[in-house]
Structure formats: C-alpha cells, structure tokens
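**Q** Pasting a structure here, questions to come.
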Amino acid sequence: MTARLIDGKALSDTVKTEVSKRVLALKKQGITPGLAVVLVGDDPASQVYVRNKAAACDKAGLHSRVIRLAADTTEGELLDVVQELNADRSIHGILVQLPLPAHMNASLVIEAIAADKDVDGFHVSNAGLLMTGQPLFRPCTPYGIMKMLEAENVALRGAEAVIVGASNIVGKPMAMLLLAAGATVTLCNSKTRDLGAQTRRADVLVVATGKPGIVTGDMIKPGAVVIDVGINRCADGRLVGDVEFDSAKTVAGAITPVPGGVGPMTIAMLLVNTVEAAERRAAAIHI
Ligand code: GUN
C-alpha cells in the first residue's frame, strides 16, 4: 500500500484565496488587516520564516510590518515595541518570532501582547480560552492541521488520536482541538515509555518533536492518517520531517510530505487569524 499524500501547499492556496476575499470585503469598509512580525536576532531559520510570513501577507492583500531588532536588544526595549504595536490601530495581529535570545523571558514577552492581537494564540488567556472550549485565536499549526483533516474528511469523533510532542506551540493546543472534535487523545512526551505502543493505536498520528525519523513505519497502524510537523535540515541540505517518510508511506493511509505538508498551512492560518482579528474589530466598531 502507498499512502495518499496530503497536499498542504494546494490546500494553503485555497485558504489564502478565501483570505483574499475577506480582505477585499474589509477594504470596502476602509479596513486593511495588518500584521506586525517582530524578529529579534539573526537566527537563519527565523529569518526565512519571517520573510515568508510577510510575503504571504503582501500577496493576500494584508498590510505587513516587519520589525527587526538586534540580538542584544534588551527585554525592556522589546516590551516597549510590543506596547507600541498594541496601541497601533493599523495593526490587528502581532507575532513575536520564537525562539527569543536566551537573555529574554519569552513568557513575559508573549503575555505583554494584547490578547485580541495575539494571532499566534500563545497568550495564556488564549490558551485558557482554547482549553475551556471557547477559542479566540487557535495556534496556527494545530489550526492548519485541523483544516487538513477536515479537507481529507477524516472522521474524528471517537477516533484514537495520538500526538507526539507536548509543546505549547503545537502538541498541547493540538490535543485541545482534537479533543473538542470528539477524538480520544493521547499526548506523548520525551519521557513516554514504549512510544511505538502508543503510536500504533493511532487512527490519527501527529508528530511534532523536531527529532528526524522518531516515528518509523513499524510504529504506524495500517491505514492511519499521519501528520508530520517536523522540519529538519539534514547534513546534505535536504529537509525531512520527524516521520521516516519512506517506511511510513507503505503503512499509512494518508501522510503529509515535508516540505509541502503542514508548513504552508501554518502561514495560511496566520493570515486567517489576522483577518479574524480585523473582522472582530470591524464588528465591534459597528455595535
Ligand atoms: N517559531 C516557530 N514556530 C513559530 C510560530 O508559530 N510562531 C512564532 N511566533 N514563532 C515560531
């Protein structure tokens, strides 16, 4: 058996076309959705991500503002920038690219972002809203994965969903969204004993660890839907996921490729969240 490929690039194009339509509708009301992306330091991967995010905004008709700060910027200076963006009416979404330099407290910086502009969905208030079933912003990667599962008509009610990786950015919010959709969720972490025993139960398997090849074909239930969030650069320059693709594709029913799977969806959902923020503000103005 060879797994069906889940084409995140194609689906992200569809999502972005929808975003462009919503942007046009907002522009008719005199509102251009605006996203500010703050990058501290010169981490090469972060630079690429930030450039891609700004380019996607411009293409979909959103206004984007990229603020690049030196690696030795103080936490206080960064907090001042965040406060300025919180007050800026032309900005509907604020994203501080992670990781931040080691001398900064990332939680403190994230909590300084106005919760109604927190398009990453990382603020404790947004994490709490998601956990209690009343999400405002859903974190972009798990939100994009839910869109992919929906587009693939994956039945989630009663399904066994196993997530490998319990980060605040992917694993934990993914668990909340799958739970809300009626799945029975297992959230594995780096201490999980016999990972394969967990993953082999999964009808839907989401892997987000940053460890290339942590999941191999023999750890997958035949016919399972496998979502690979990892993006790892090999010594030879190739990009690979956390799932060993060649062995996995002979067992899985459907699988996301790397690149071209989850990655493009994350950016598309950032645009969705920014448009949602702008629509919410527009609705509030009209009350
Ligand atoms: N670094 C890696 N992924 C993300 C993300 O989704 N948002 C932010 N802000 N930083 C990241």
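The values are calculated or read from the model by the stated rules, or taken from the named source; none is laboratory data. Remember, it's a predicted structure, so these values are computed and weren't measured experimentally. As a convention, Cβ positions derive from the backbone with ideal geometry for all residues, glycine included, and neighbour counts pool all protein chains shown. Accessible surface areas use protein heavy atoms only, side chains included; no ligands, DNA or RNA. Shrake-Rupley method; radii C 1.70, N 1.55, O 1.52, S 1.80 Å.
**Q** By DSSP, what percent of the beta bridges with both residues in the chain are antiparallel, rounded to the nearest 5? List each step's numbers first, then the result.
**A** On the way: 2 of 31 bridges.
Roughly 5 percent of the beta bridges in the chain run antiparallel, per DSSP.
**Q** May I pose another question? Mean-square fluctuation check for the chain, GNM, Cα pairs under 10 Å: which of Asn153, Asn273, Asn189 is largest?
**A** Maximum fluctuation in the GNM of the chain, among the listed residues, is at Asn153.
**Q** Pull up all non-local amide H partners of Arg4: gap of 5 or more, or a different chain, and H-to-H distance under 5 Å with H placed in the peptide plane.
**A** Ala254, Ile255
**Q** Over the chain, calculate the relative contact order: mean separation of alpha carbon pairs under 8 Å at least 6 apart, over the residue count, as a percent. Show your work: numbers first, answer last.
**A** Values: 569 pairs, mean separation 65.5, N = 287.
Here the relative contact order equals 23 percent.
**Q** Taking amide H atoms as placed 1.01 Å from N in the peptide plane, list the residues 5 or more away in sequence, or in a different chain, whose amide H sits under 5 Å from that of Gly41.
**A** Leu69, Ala70, Ala71
**Q** Where the accessible area of the range 164-239 is counted over protein heavy atoms with a 1.4 Å probe, how much of it, in %, is carbon and sulfur? Walk me through the numbers on the way to the answer.
**A** Working: 1990 of 3610 Å².
The C+S portion of the solvent-accessible surface of the range 164-239 is 55 percent.
**Q** Next question. Per residue, how many Å² of accessible area does the chain show with a 1.4 Å probe?
**A** Values: 13130 Å² over 287 residues.
Result: 46 Å² of accessible area for each residue.
**Q** Something else about it: Which of Pro212, Pro44, Pro222 moves most in a GNM of the chain, Cα contacts under 10 Å?
**A** Pro44
**Q** Size of the dipole of the chain about the Cα centre, Lys and Arg at +1 and Asp and Glu at -1 on the beta carbon, nothing else charged, in debye to 20? The partial results should precede the final answer.
**A** On the way: 29 positive and 29 negative charges, 148 e Å.
Computed charge dipole of the chain: roughly 720 debye.
**Q** Before rounding to the nearest 500, sum -39500 (n - 2.57) across all DSSP H runs of length at least 4 in the chain and divide by the residue total; then give [θ] at 222 nm in deg cm²/dmol.
**A** Details: 10 runs with 121 residues, N = 287.
Estimated from H runs of four or more residues: -13000 deg cm²/dmol.
**Q** Can you work out the Karplus-derived ³J(HN,Hα) for every residue in the range 199-210? Use 6.51 cos²θ - 1.76 cosθ + 1.60 with θ = phi - 60°, whole Hz, and x for glycine or proline.
**A** Couplings: 5, 5, 8, 7, 7, 10, 10, 10, 10, 9, 10, x Hz.
**Q** Under 10 Å, Cα contacts only: if you run a Gaussian network model on the chain, which one of Lys21, Lys221, Lys147 comes out with the highest mean-square fluctuation?
**A** Taking springs between Cα atoms under 10 Å, the residue moving most is Lys21.
**Q** If you don't mind, another one. In whole Hz, what ³J(HN,Hα) sequence does the range 239-253 give by Karplus (6.51, -1.76, 1.60; θ = phi - 60°), x for Gly and Pro?
**A** With the stated coefficients, the range 239-253 comes to 9, 10, x, 8, 9, 6, 4, 4, 6, 5, 5, 7, 10, 5, x Hz.
**Q** Rounded to the nearest 0.05, what FRET efficiency do Thr2 and Leu98 give with R0 = 35 Å and r taken as the Cβ-Cβ distance? Could you check? Spell out each step's value before the answer.
**A** On the way: r = 36 Å, r/R0 = 1.03.
Step by step, r from the Cβ atoms, then E = 0.45.
**Q** Filter Lys9/Lys147; Lys147/Lys211; Lys53/Lys117 down to the pairs with a C-alpha to C-alpha distance above 20 Å, please.
**A** Details: Lys9/Lys147 12 Å; Lys147/Lys211 24 Å; Lys53/Lys117 16 Å.
From the list (Lys9/Lys147; Lys147/Lys211; Lys53/Lys117), the Cα-Cα distance tops 20 Å for Lys147/Lys211.
**Q** Show me, for the range 111-127, the HN-Hα J-couplings you get by feeding each phi into the Karplus relation (A = 6.51, B = -1.76, C = 1.60, θ = phi - 60°), rounded to Hz, glycine and proline as x.
**A** The phi angles translate into 5, 7, 6, 4, 4, 7, 10, 7, 5, 6, x, 8, 4, 4, 5, 6, 5 Hz.
**Q** Here's a follow-up. Return the tail of the calculated pair distribution for the chain, meaning the percent of Cα-Cα pairs more than 33 Å apart.
**A** Counting every Cα pair in the chain, those more than 33 Å apart make up 23 percent.
**Q** Between Gln47 and Gln134, what is the label-to-label distance in nm when each label sits 7 Å out along the Cα-to-Cβ direction?
**A** Spacing of the two 7 Å Cα→Cβ label points: 4.4 nm.
**Q** Leaving ligands, DNA and RNA out of it, work out the accessible area of Leu239 with a 1.4 Å probe and give it in Å² to the nearest 10.
**A** We get 60 Å² for Leu239.
**Q** Which FRET efficiency value, to the nearest 0.05, do you get for Ala151 and Leu79 by plugging their Cβ-Cβ distance into 1/(1 + (r/R0)^6) with R0 = 22 Å?
**A** Computed FRET efficiency for Ala151 and Leu79: 0.05.
**Q** Another question, then. Calculate what fraction, in whole %, of the accessible area of the range 21-69 sits on carbon and sulfur atoms when a 1.4 Å probe is rolled over the protein chains.
**A** 54 percent
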